[in-house]
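First up is the structure itself, then whatever we jot down about it.
The values are calculated or read from the model by the stated rules, or taken from the named source; none is laboratory data. Since we're looking at a predicted model, the values are computed, not measured. FYI the Cβ positions are ideal-geometry reconstructions off the backbone, even for glycines, and counts take in every protein chain you see. In case anyone asks, the SASA skips ligands and DNA or RNA and just uses the protein heavy atoms, side chains included. Shrake-Rupley method; radii C 1.70, N 1.55, O 1.52, S 1.80 Å.
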Amino acid sequence: MPPAGAADKKTEILEIDARNLQTDLVERAGQVIRDGGTCAFPTETVYGLGADGLNPDAVRKIFEAKGRPGDNPLILHIAYPEQIALLTTELTENARAMAEAFWPGPLTLVVRRSGIVPDTVSAGLETVAVRCPSHPVAHALILQADTPIAAPSANLSGSPSPTSGEHVVRDLDGRVDMILVSDDSQIGVESTVVDTTKVPPVILRPGRITKEDLEAVVGEVRLSEGITSGAEPEHPASPGMKYTHYSPRAEVYLTDGTDEETERAIRKACEDADGTIAILTTGPVTEKLRDDMIVLSLGDDPEQYEHNLFSELRRLDDLGADRIFVRMPAAGDRTLAVRDRLMHAAGYRFLPKDE
Ligand code: TXA
Ligand code: MG
(Lines give C-alpha, C1' and ligand atoms only; values in the text may rest on other atoms or scores of the structure.)
(Ligands and ions follow the chains in the order given, each with its own letter.)
Protein backbone atom coordinates (compact mmCIF):
# COMPACT_ATOMS: atom_id res chain seq x y z
CA MET A 1 0.00 0.00 0.00
CA PRO A 2 1.10 3.59 -0.54
CA PRO A 3 2.76 5.22 2.45
CA ALA A 4 0.42 6.75 5.02
CA GLY A 5 0.23 10.52 4.88
CA ALA A 6 0.71 10.63 1.10
CA ALA A 7 -2.89 11.74 0.52
CA ASP A 8 -2.49 15.37 1.54
CA LYS A 9 -2.39 17.13 -1.84
CA LYS A 10 -5.06 19.52 -3.06
CA THR A 11 -6.40 17.72 -6.13
CA GLU A 12 -8.22 19.75 -8.77
CA ILE A 13 -11.10 17.70 -10.19
CA LEU A 14 -12.37 18.93 -13.57
CA GLU A 15 -15.20 17.56 -15.69
CA ILE A 16 -14.33 17.50 -19.35
CA ASP A 17 -16.61 16.79 -22.29
CA ALA A 18 -14.97 14.34 -24.69
CA ARG A 19 -17.26 15.39 -27.57
CA ASN A 20 -16.81 19.10 -27.08
CA LEU A 21 -13.47 19.71 -25.38
CA GLN A 22 -13.24 22.81 -23.21
CA THR A 23 -9.92 24.22 -24.44
CA ASP A 24 -9.29 26.15 -21.24
CA LEU A 25 -9.41 22.92 -19.24
CA VAL A 26 -7.06 21.18 -21.66
CA GLU A 27 -4.66 24.11 -21.36
CA ARG A 28 -4.70 23.97 -17.57
CA ALA A 29 -4.10 20.22 -17.59
CA GLY A 30 -1.27 20.57 -20.11
CA GLN A 31 0.32 23.17 -17.85
CA VAL A 32 0.19 20.79 -14.88
CA ILE A 33 2.11 18.19 -16.92
CA ARG A 34 4.61 20.74 -18.25
CA ASP A 35 5.24 21.97 -14.70
CA GLY A 36 6.20 18.45 -13.60
CA GLY A 37 2.88 17.64 -11.90
CA THR A 38 0.50 14.66 -12.11
CA CYS A 39 -2.81 14.60 -13.95
CA ALA A 40 -5.20 11.65 -14.35
CA PHE A 41 -7.11 11.53 -17.64
CA PRO A 42 -9.46 9.25 -19.59
CA THR A 43 -8.30 6.96 -22.38
CA GLU A 44 -10.32 4.50 -24.47
CA THR A 45 -9.02 1.56 -22.39
CA VAL A 46 -8.92 2.71 -18.75
CA TYR A 47 -8.10 6.01 -17.04
CA GLY A 48 -4.38 6.83 -16.85
CA LEU A 49 -2.27 8.79 -14.35
CA GLY A 50 -0.01 11.04 -16.40
CA ALA A 51 3.18 13.01 -15.92
CA ASP A 52 5.89 14.37 -18.22
CA GLY A 53 7.51 11.17 -19.49
CA LEU A 54 10.84 12.86 -20.15
CA ASN A 55 11.13 14.36 -16.66
CA PRO A 56 12.40 11.80 -14.10
CA ASP A 57 11.20 13.83 -11.10
CA ALA A 58 7.69 14.05 -12.53
CA VAL A 59 7.70 10.32 -13.33
CA ARG A 60 8.71 9.51 -9.76
CA LYS A 61 5.55 11.24 -8.53
CA ILE A 62 3.46 8.69 -10.43
CA PHE A 63 5.10 5.81 -8.57
CA GLU A 64 4.58 7.61 -5.24
CA ALA A 65 0.93 8.46 -5.88
CA LYS A 66 0.05 4.87 -6.86
CA GLY A 67 2.32 3.11 -4.39
CA ARG A 68 3.75 1.34 -7.44
CA PRO A 69 6.96 -0.73 -7.20
CA GLY A 70 9.81 1.09 -8.98
CA ASP A 71 10.78 -1.96 -11.04
CA ASN A 72 7.47 -1.91 -12.96
CA PRO A 73 8.01 0.21 -16.11
CA LEU A 74 5.54 2.72 -17.53
CA ILE A 75 3.98 3.29 -20.94
CA LEU A 76 4.78 6.52 -22.81
CA HIS A 77 1.74 7.98 -24.58
CA ILE A 78 2.19 9.95 -27.79
CA ALA A 79 -0.22 12.15 -29.77
CA TYR A 80 0.74 10.92 -33.25
CA PRO A 81 2.16 7.56 -34.35
CA GLU A 82 5.24 9.17 -35.97
CA GLN A 83 6.38 10.45 -32.57
CA ILE A 84 7.57 6.96 -31.64
CA ALA A 85 10.69 7.74 -33.71
CA LEU A 86 11.90 10.03 -30.90
CA LEU A 87 11.66 7.26 -28.30
CA THR A 88 13.33 4.33 -30.04
CA THR A 89 16.60 3.52 -31.74
CA GLU A 90 15.10 0.78 -33.84
CA LEU A 91 11.60 0.48 -35.22
CA THR A 92 11.26 -3.00 -36.66
CA GLU A 93 9.14 -3.66 -39.73
CA ASN A 94 6.66 -5.53 -37.51
CA ALA A 95 6.36 -2.60 -35.11
CA ARG A 96 5.81 -0.20 -37.99
CA ALA A 97 3.08 -2.41 -39.46
CA MET A 98 1.26 -2.84 -36.13
CA ALA A 99 1.39 0.90 -35.43
CA GLU A 100 0.01 1.63 -38.86
CA ALA A 101 -2.82 -0.88 -38.46
CA PHE A 102 -3.87 -0.17 -34.87
CA TRP A 103 -2.81 3.39 -33.88
CA PRO A 104 -4.37 5.43 -32.56
CA GLY A 105 -5.87 2.67 -30.42
CA PRO A 106 -5.54 0.14 -27.58
CA LEU A 107 -2.15 -1.31 -28.54
CA THR A 108 1.17 -0.79 -26.73
CA LEU A 109 4.42 -1.54 -28.54
CA VAL A 110 7.56 -2.45 -26.61
CA VAL A 111 10.56 -1.18 -28.58
CA ARG A 112 14.28 -0.56 -27.99
CA ARG A 113 14.51 2.72 -26.14
CA SER A 114 16.44 5.80 -27.21
CA GLY A 115 18.68 7.86 -24.89
CA ILE A 116 15.91 10.39 -24.31
CA VAL A 117 13.83 7.92 -22.25
CA PRO A 118 14.57 8.23 -18.51
CA ASP A 119 15.55 5.11 -16.55
CA THR A 120 12.63 5.71 -14.20
CA VAL A 121 10.18 5.17 -17.09
CA SER A 122 11.62 1.90 -18.33
CA ALA A 123 12.74 0.72 -14.88
CA GLY A 124 16.24 0.21 -16.20
CA LEU A 125 15.22 -2.05 -19.12
CA GLU A 126 16.70 -1.54 -22.58
CA THR A 127 13.19 -1.22 -23.96
CA VAL A 128 10.29 1.20 -23.59
CA ALA A 129 6.54 0.70 -24.00
CA VAL A 130 4.78 3.22 -26.29
CA ARG A 131 1.10 3.80 -27.04
CA CYS A 132 -0.83 6.28 -29.15
CA PRO A 133 -4.32 6.47 -27.59
CA SER A 134 -7.44 7.32 -29.61
CA HIS A 135 -9.40 9.09 -26.86
CA PRO A 136 -9.93 12.77 -27.74
CA VAL A 137 -9.08 13.99 -24.22
CA ALA A 138 -5.87 11.93 -24.09
CA HIS A 139 -4.88 13.12 -27.55
CA ALA A 140 -5.52 16.79 -26.76
CA LEU A 141 -3.71 16.57 -23.42
CA ILE A 142 -0.56 15.06 -24.93
CA LEU A 143 -0.53 17.73 -27.66
CA GLN A 144 -1.00 20.49 -25.13
CA ALA A 145 1.66 19.10 -22.78
CA ASP A 146 4.00 18.90 -25.78
CA THR A 147 5.82 15.86 -24.37
CA PRO A 148 5.24 12.09 -24.25
CA ILE A 149 3.06 11.40 -21.21
CA ALA A 150 4.05 8.51 -18.95
CA ALA A 151 0.85 6.93 -17.67
CA PRO A 152 0.00 3.73 -15.85
CA SER A 153 -3.62 2.97 -15.02
CA ALA A 154 -4.90 5.57 -12.53
CA ASN A 155 -5.63 3.18 -9.65
CA LEU A 156 -3.81 2.51 -6.40
CA SER A 157 -1.28 -0.22 -7.13
CA GLY A 158 -2.89 -3.67 -6.86
CA SER A 159 -6.55 -2.60 -7.13
CA PRO A 160 -8.70 -2.95 -10.26
CA SER A 161 -7.94 -0.45 -13.04
CA PRO A 162 -10.31 2.55 -13.08
CA THR A 163 -12.90 2.71 -15.83
CA SER A 164 -14.77 5.76 -14.55
CA GLY A 165 -13.84 9.17 -13.20
CA GLU A 166 -15.39 8.18 -9.91
CA HIS A 167 -13.01 5.22 -9.56
CA VAL A 168 -10.07 7.55 -10.09
CA VAL A 169 -11.31 10.12 -7.59
CA ARG A 170 -11.80 7.41 -4.99
CA ASP A 171 -8.28 6.06 -5.45
CA LEU A 172 -6.27 9.21 -6.09
CA ASP A 173 -8.00 12.28 -4.61
CA GLY A 174 -5.37 13.91 -2.41
CA ARG A 175 -2.50 12.09 -4.13
CA VAL A 176 -2.30 13.85 -7.51
CA ASP A 177 -2.49 17.44 -8.78
CA MET A 178 -5.41 17.09 -11.17
CA ILE A 179 -8.05 14.60 -12.30
CA LEU A 180 -9.88 15.02 -15.61
CA VAL A 181 -13.24 13.30 -15.28
CA SER A 182 -15.10 12.30 -18.44
CA ASP A 183 -17.24 9.40 -19.65
CA ASP A 184 -16.70 5.79 -18.59
CA SER A 185 -13.94 4.00 -20.50
CA GLN A 186 -15.24 2.55 -23.73
CA ILE A 187 -13.11 -0.62 -23.71
CA GLY A 188 -12.61 -1.29 -20.01
CA VAL A 189 -9.43 -3.38 -19.98
CA GLU A 190 -5.91 -2.08 -20.54
CA SER A 191 -4.18 -2.12 -23.92
CA THR A 192 -2.65 -5.17 -25.54
CA VAL A 193 1.13 -5.04 -24.89
CA VAL A 194 3.38 -6.55 -27.58
CA ASP A 195 7.15 -6.99 -27.46
CA THR A 196 8.19 -6.05 -30.98
CA THR A 197 11.89 -6.64 -30.33
CA LYS A 198 11.26 -10.40 -30.58
CA VAL A 199 10.74 -12.40 -33.77
CA PRO A 200 7.96 -13.44 -33.87
CA PRO A 201 6.50 -10.64 -31.71
CA VAL A 202 5.29 -11.70 -28.24
CA ILE A 203 2.06 -10.59 -26.53
CA LEU A 204 2.97 -9.70 -22.94
CA ARG A 205 -0.53 -8.63 -21.91
CA PRO A 206 -3.69 -9.53 -23.86
CA GLY A 207 -6.27 -6.82 -24.58
CA ARG A 208 -9.02 -5.83 -27.01
CA ILE A 209 -6.66 -6.21 -29.98
CA THR A 210 -6.21 -9.97 -30.10
CA LYS A 211 -3.54 -12.38 -31.28
CA GLU A 212 -5.59 -13.07 -34.40
CA ASP A 213 -5.99 -9.34 -35.07
CA LEU A 214 -2.21 -8.93 -34.89
CA GLU A 215 -1.49 -12.05 -36.94
CA ALA A 216 -3.68 -10.73 -39.74
CA VAL A 217 -1.16 -7.88 -40.04
CA VAL A 218 2.29 -9.35 -39.24
CA GLY A 219 1.95 -13.12 -39.44
CA GLU A 220 2.90 -15.33 -36.49
CA VAL A 221 2.61 -13.80 -33.01
CA ARG A 222 3.26 -15.67 -29.75
CA LEU A 223 1.71 -15.43 -26.32
CA SER A 224 4.09 -15.06 -23.39
CA GLU A 225 4.26 -17.95 -20.94
CA GLY A 226 1.53 -17.71 -18.30
CA ILE A 227 -1.06 -16.25 -20.66
CA THR A 228 -1.27 -19.61 -22.42
CA SER A 229 -0.96 -22.00 -19.50
CA GLY A 230 -3.34 -20.33 -17.09
CA ALA A 231 -0.84 -21.03 -14.33
CA GLU A 232 1.25 -18.49 -12.51
CA PRO A 233 4.33 -17.82 -14.67
CA GLU A 234 7.70 -18.50 -13.03
CA HIS A 235 9.49 -15.83 -15.03
CA PRO A 236 7.00 -13.11 -15.97
CA ALA A 237 7.84 -11.63 -19.39
CA SER A 238 6.44 -8.25 -18.47
CA PRO A 239 7.51 -6.90 -15.09
CA GLY A 240 3.96 -5.80 -14.31
CA MET A 241 2.61 -9.31 -14.68
CA LYS A 242 4.34 -10.59 -11.55
CA TYR A 243 2.35 -8.44 -9.15
CA THR A 244 -1.07 -9.35 -7.79
CA HIS A 245 -3.21 -7.16 -9.89
CA TYR A 246 -6.72 -5.98 -10.47
CA SER A 247 -7.65 -7.43 -7.10
CA PRO A 248 -10.76 -6.44 -5.26
CA ARG A 249 -10.83 -6.68 -1.47
CA ALA A 250 -12.91 -9.85 -1.65
CA GLU A 251 -11.33 -13.26 -2.30
CA VAL A 252 -11.89 -14.32 -5.89
CA TYR A 253 -12.26 -17.96 -6.97
CA LEU A 254 -12.60 -19.11 -10.56
CA THR A 255 -14.51 -21.91 -12.21
CA ASP A 256 -13.86 -23.14 -15.70
CA GLY A 257 -15.44 -25.90 -17.77
CA THR A 258 -18.89 -26.81 -19.00
CA ASP A 259 -21.98 -25.04 -17.67
CA GLU A 260 -22.78 -28.11 -15.55
CA GLU A 261 -19.27 -28.31 -14.13
CA THR A 262 -19.11 -24.66 -13.14
CA GLU A 263 -22.62 -24.78 -11.68
CA ARG A 264 -21.76 -27.82 -9.57
CA ALA A 265 -18.45 -26.39 -8.37
CA ILE A 266 -20.15 -23.16 -7.28
CA ARG A 267 -23.00 -24.97 -5.51
CA LYS A 268 -20.50 -27.07 -3.58
CA ALA A 269 -18.38 -24.06 -2.65
CA CYS A 270 -21.45 -22.15 -1.48
CA GLU A 271 -22.31 -24.96 0.94
CA ASP A 272 -18.94 -24.61 2.62
CA ALA A 273 -18.49 -20.84 2.54
CA ASP A 274 -19.46 -18.27 5.13
CA GLY A 275 -19.70 -14.49 4.72
CA THR A 276 -21.31 -12.65 1.82
CA ILE A 277 -21.00 -14.58 -1.41
CA ALA A 278 -21.15 -13.11 -4.87
CA ILE A 279 -21.34 -14.85 -8.19
CA LEU A 280 -19.93 -13.12 -11.23
CA THR A 281 -21.12 -14.86 -14.31
CA THR A 282 -20.42 -14.80 -18.03
CA GLY A 283 -23.24 -16.39 -19.99
CA PRO A 284 -25.04 -18.95 -17.83
CA VAL A 285 -26.94 -17.49 -14.93
CA THR A 286 -26.62 -19.11 -11.55
CA GLU A 287 -29.75 -18.87 -9.46
CA LYS A 288 -29.48 -17.33 -6.03
CA LEU A 289 -28.76 -20.16 -3.62
CA ARG A 290 -29.28 -17.95 -0.62
CA ASP A 291 -31.17 -14.73 0.03
CA ASP A 292 -28.12 -12.66 0.86
CA MET A 293 -26.20 -13.80 -2.18
CA ILE A 294 -25.23 -11.35 -4.93
CA VAL A 295 -25.43 -12.41 -8.56
CA LEU A 296 -23.99 -10.16 -11.28
CA SER A 297 -23.49 -10.79 -14.98
CA LEU A 298 -20.57 -9.43 -16.99
CA GLY A 299 -22.73 -9.41 -20.12
CA ASP A 300 -23.33 -11.46 -23.23
CA ASP A 301 -20.16 -11.25 -25.30
CA PRO A 302 -16.39 -10.76 -24.82
CA GLU A 303 -16.53 -7.00 -25.44
CA GLN A 304 -19.15 -6.58 -22.74
CA TYR A 305 -17.15 -8.79 -20.35
CA GLU A 306 -14.15 -6.51 -20.87
CA HIS A 307 -16.21 -3.37 -20.56
CA ASN A 308 -17.82 -4.45 -17.27
CA LEU A 309 -15.12 -6.47 -15.51
CA PHE A 310 -13.29 -3.87 -13.43
CA SER A 311 -16.37 -1.83 -12.57
CA GLU A 312 -18.21 -4.96 -11.42
CA LEU A 313 -15.26 -6.07 -9.27
CA ARG A 314 -15.28 -2.64 -7.62
CA ARG A 315 -19.07 -2.79 -7.26
CA LEU A 316 -18.80 -6.13 -5.47
CA ASP A 317 -16.39 -4.60 -2.98
CA ASP A 318 -18.86 -1.76 -2.39
CA LEU A 319 -21.62 -4.32 -1.83
CA GLY A 320 -19.52 -6.00 0.82
CA ALA A 321 -18.82 -9.31 -0.91
CA ASP A 322 -16.39 -11.52 1.01
CA ARG A 323 -16.01 -14.19 -1.67
CA ILE A 324 -16.55 -13.91 -5.39
CA PHE A 325 -17.09 -17.06 -7.44
CA VAL A 326 -16.55 -16.45 -11.13
CA ARG A 327 -17.87 -18.41 -14.08
CA MET A 328 -15.12 -17.86 -16.63
CA PRO A 329 -15.96 -17.50 -20.30
CA ALA A 330 -14.69 -20.40 -22.43
CA ALA A 331 -11.10 -19.98 -23.62
CA GLY A 332 -10.69 -18.37 -27.05
CA ASP A 333 -8.96 -15.57 -28.90
CA ARG A 334 -11.48 -12.92 -27.88
CA THR A 335 -11.84 -14.02 -24.23
CA LEU A 336 -8.12 -14.12 -23.50
CA ALA A 337 -7.93 -10.61 -22.00
CA VAL A 338 -10.83 -11.06 -19.61
CA ARG A 339 -9.61 -14.53 -18.56
CA ASP A 340 -6.13 -13.11 -17.95
CA ARG A 341 -7.45 -10.28 -15.74
CA LEU A 342 -9.68 -12.70 -13.85
CA MET A 343 -6.75 -15.04 -13.20
CA HIS A 344 -4.74 -12.14 -11.82
CA ALA A 345 -7.67 -10.95 -9.68
CA ALA A 346 -7.99 -14.48 -8.27
CA GLY A 347 -4.28 -15.03 -7.82
CA TYR A 348 -4.81 -18.12 -10.06
CA ARG A 349 -7.17 -19.70 -7.50
CA PHE A 350 -9.74 -22.15 -8.91
CA LEU A 351 -12.58 -23.88 -7.10
CA PRO A 352 -12.04 -27.63 -7.00
CA LYS A 353 -14.07 -29.48 -9.60
CA ASP A 354 -16.80 -31.42 -7.85
CA GLU A 355 -16.57 -34.88 -9.38
O1 TXA B 1 -4.38 0.74 -21.65
C2 TXA B 1 -3.32 0.93 -21.05
O3 TXA B 1 -2.25 0.40 -21.40
C4 TXA B 1 -3.35 1.89 -19.84
C5 TXA B 1 -3.72 3.27 -20.33
C6 TXA B 1 -3.63 4.31 -19.23
O7 TXA B 1 -2.93 3.62 -21.43
N8 TXA B 1 -2.08 1.88 -19.18
C9 TXA B 1 -1.65 0.82 -18.43
O10 TXA B 1 -0.41 1.01 -17.83
O11 TXA B 1 -2.27 -0.19 -18.30
P12 TXA B 1 0.15 0.07 -16.68
O13 TXA B 1 1.37 0.75 -16.19
O14 TXA B 1 -0.90 -0.18 -15.68
O15 TXA B 1 0.58 -1.23 -17.43
C16 TXA B 1 1.72 -1.24 -18.26
C17 TXA B 1 2.15 -2.66 -18.52
C18 TXA B 1 2.74 -3.30 -17.28
O19 TXA B 1 2.35 -4.66 -17.25
C20 TXA B 1 4.24 -3.15 -17.52
O21 TXA B 1 5.00 -4.10 -16.82
C22 TXA B 1 4.33 -3.33 -19.01
O23 TXA B 1 3.19 -2.66 -19.52
N24 TXA B 1 5.53 -2.70 -19.56
C25 TXA B 1 5.85 -1.39 -19.56
N26 TXA B 1 7.05 -1.19 -20.12
C27 TXA B 1 7.53 -2.39 -20.48
C28 TXA B 1 8.72 -2.85 -21.09
N29 TXA B 1 9.68 -2.01 -21.45
N30 TXA B 1 8.87 -4.18 -21.31
C31 TXA B 1 7.87 -5.05 -20.94
N32 TXA B 1 6.73 -4.67 -20.36
C33 TXA B 1 6.55 -3.37 -20.12
MG1 MG C 1 -2.06 -1.00 -14.16
| remark: Over segment 126-150, the set of residues in contact with a Pro (Cβ under 7 Å, 6 or more places away or on another chain), open to solvent by 10 Å² or more (accessible area, probe 1.4 Å) and away from ligand 1 (no atom under 11 Å from the Cβ) is HIS139
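Which one is nearest to ligand 2 (Cβ to nearest atom), of the residues in segment 151-188 that are in a loop (DSSP other than H, G, I, E, B) and of a type in the set (Val, Ile, Thr)? Please lay out each step first, then the result.
Pass one, segment 151-188, residues in a loop (DSSP other than H, G, I, E, B): 151-152, 154-164, 173-177, 182-188.
Next cut, of a type in the set (Val, Ile, Thr) only: 163, 176, 187.
Working: THR163: 12, VAL176: 15, ILE187: 14 Å.
Result: THR163.
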| Among the candidates ALA85, ALA101, ALA97, residue that is free of Cβ contacts under 8 Å to residues at least 24 places away in the same chain and farther than 19 Å from ILE179 by Cβ | ALA85
| field | Verdict on ILE116 being out of contact with any Ser or Thr (no Cβ under 8 Å at 6 or more places or on another chain), on the phi < 0 side of the Ramachandran plot and in a loop (DSSP other than H, G, I, E, B) | value | yes
| said: Looking at (1) out of contact with any strand residue (DSSP E or B) (no Cβ under 8 Å at 6 or more places or on another chain); (2) within 15 Å of ligand 2 (Cβ to nearest atom); (3) open to solvent by 20 Å² or more (accessible area, probe 1.4 Å), which one does ILE75 not meet, given that it meets all the others? | reply: (1)
| task | Check off (1) buried (at least 21 other Cβ atoms within 10 Å of the Cβ); (2) over 27 Å from THR192 (Cα atoms); (3) at pLDDT below 95; (4) not aromatic (Phe, Trp, Tyr) for ARG68 and give me the number that stays unchecked. | result | (2)
| Which one is nearest to VAL252 (Cα to Cα), of the residues in segment 283-309 that are touching a strand residue (DSSP E or B) at 6+ places or on another chain (Cβ under 9 Å) and open to solvent by less than 10 Å² (accessible area, probe 1.4 Å)? | LEU309
